[in-house]
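The values are calculated or read from the model by the stated rules, or taken from the named source; none is laboratory data. Fair warning: this is a prediction, and the values are worked out from it, not measured in the lab. Here the Cβ is made from the backbone with ideal geometry for all residues, glycine too, and neighbour counts use every protein chain on show. For the accessible areas, the whole protein counts, side chains as well, though only heavy atoms, and no ligand, DNA or RNA atoms are used. Shrake-Rupley method; radii C 1.70, N 1.55, O 1.52, S 1.80 Å.
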Amino acid sequence: MIEIASMAGYITAHGIWSVSEGETLIPILAYELPDGERVLQRIQADDLKDAVAVGQHALETNESGAVRAVLVVDAYVNFEWGRSDALAVEAVEYGLTPWSMELAVPYQPLTDSTAFEVYGPTFFDVAGGLDNVDVAPVADAFFDGAESHSDAWAVWKAHQVV
């Protein structure tokens, strides 16, 4: 679970870097093959919903034979405090002990009248349920992964609202 959380952090940071200039994120599917090779794929389609569906299908079917995979999409997400632009993240660890998590990182997009801002992630689901899993090491691994993407992490930290 630590490896997939770290990978999710890295890919999410890449997504934050991508949306920091005000553009909509083209969905990112990243996966790791059994030999350790990591693949990052941008999923393009005429309609954003179609691209998201392709990414979700790839997570569900694992046709690439990946060990783990992460999908990051630009979305509107309903949080307890309201609706926000966010990067929605689905991460899956395949294999004998499958594990998954869903989270979102809300942000305020850059516009002519607003500055780009990034807020803390909200974990919505962790395999086994949030009540049954200690989320602290998962969150730590997520942030370690995000920080390992030094260029993206610099953008995240510069625009983070605490």
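Quick one: what pairs do we get from the stretch 141-162, first residue aromatic (Phe, Trp, Tyr), second part of a strand (DSSP E or B), C-beta under 6 Å, 6+ apart or different chains?
Final answer for the pair search is Trp156/Val118.
Taking the stretch 82-115 only, how many residues are open to solvent by 40 Å² or more (accessible area, probe 1.4 Å) and farther than 21 Å from Tyr10 by Cα?
Result for the stretch 82-115: 10.
Filter the stretch 78-121 down to residues that are over 18 Å from the mean Cα position of the chain (by Cα), closer than 26 Å to Tyr31 by Cβ and of a type in the set (Val, Ile, Thr), then give me how many there are.
Residues in the stretch 78-121 being over 18 Å from the mean Cα position of the chain (by Cα), closer than 26 Å to Tyr31 by Cβ and of a type in the set (Val, Ile, Thr): 1 in total.
Taking into account only those residues within the stretch 116-125 that are assigned to a strand (DSSP E or B) and not aromatic (Phe, Trp, Tyr), which is surrounded by the most Cβ atoms within 10 Å (Cβ to Cβ)?
Just the residues of the stretch 116-125 that are assigned to a strand (DSSP E or B), to begin with: 117-118, 122-125.
If we keep only those that are not aromatic (Phe, Trp, Tyr) too, we end up with 117-118, 122, 125.
Values: Glu117: 14, Val118: 22, Thr122: 16, Asp125: 13.
In this case the residue turns out to be Val118.
From the list Val39, Val89, which residue is over 19 Å from Asp140 (Cβ atoms) and at pLDDT 95 or above? First the steps, then the outcome.
Numbers: Val89 fails: over 19 Å from Asp140 (Cβ atoms).
Result of the check over Val39, Val89: Val39.
Conditions first: (1) of a type outside the set (A, V, I, L, M); (2) touching a Lys or Arg at 6+ places or on another chain (Cβ under 8 Å); (3) closer than 25 Å to Pro109 by Cβ; (4) at pLDDT below 95. Asp46 passes all but one, so which condition is the exception?
Condition not satisfied by Asp46: (2).
Being assigned to a strand (DSSP E or B) and over 17 Å from Ala8 (Cβ atoms) is the filter; apply it to the stretch 43-81 and report the residue that is most open to solvent (accessible area, probe 1.4 Å). Spell out how you get there, then give the answer.
Step one: filter the stretch 43-81 for residues assigned to a strand (DSSP E or B), giving 68-79.
From the residues that got through so far, the ones that are over 17 Å from Ala8 (Cβ atoms) too are 76, 78-79.
Numbers: Tyr76: 146, Asn78: 115, Phe79: 20 Å².
This residue is Tyr76.
Hey, could you check the stretch 126-153 for residues that are open to solvent by 60 Å² or more (accessible area, probe 1.4 Å) and over 13 Å from Ala5 (Cβ atoms) and say which is modelled with the lowest pLDDT?
Taking the candidates together, the pick is Leu130.
Scan the stretch 40-85 for residues that are in contact (Cβ under 8 Å) with a residue 24 or more places away in the chain and on the phi > 0 side of the Ramachandran plot and jot them down.
Asn62, Gly65
Given the condition assigned to a helix (DSSP H, G or I), at pLDDT 95 or above and surrounded by fewer than 19 Cβ atoms within 10 Å (Cβ to Cβ), answer yes or no: does some residue in the stretch 20-35 qualify? Don't jump to the end; show me each part of the working.
Taking the stretch 20-35 as the starting set, the residues that turn out to be assigned to a helix (DSSP H, G or I) are none.
Scanning the stretch 20-35 turns up no residue that is assigned to a helix (DSSP H, G or I), at pLDDT 95 or above and surrounded by fewer than 19 Cβ atoms within 10 Å (Cβ to Cβ).
When residues of the stretch 1-10 are filtered for being out of contact with any Gly (no Cβ under 8 Å at 6 or more places or on another chain) and open to solvent by 10 Å² or more (accessible area, probe 1.4 Å), how many remain?
Keep residues of the stretch 1-10 that are out of contact with any Gly (no Cβ under 8 Å at 6 or more places or on another chain), which gives 1-4.
Imposing the further condition that a residue be open to solvent by 10 Å² or more (accessible area, probe 1.4 Å) reduces the set to 1-3.
So the count comes out to 3.
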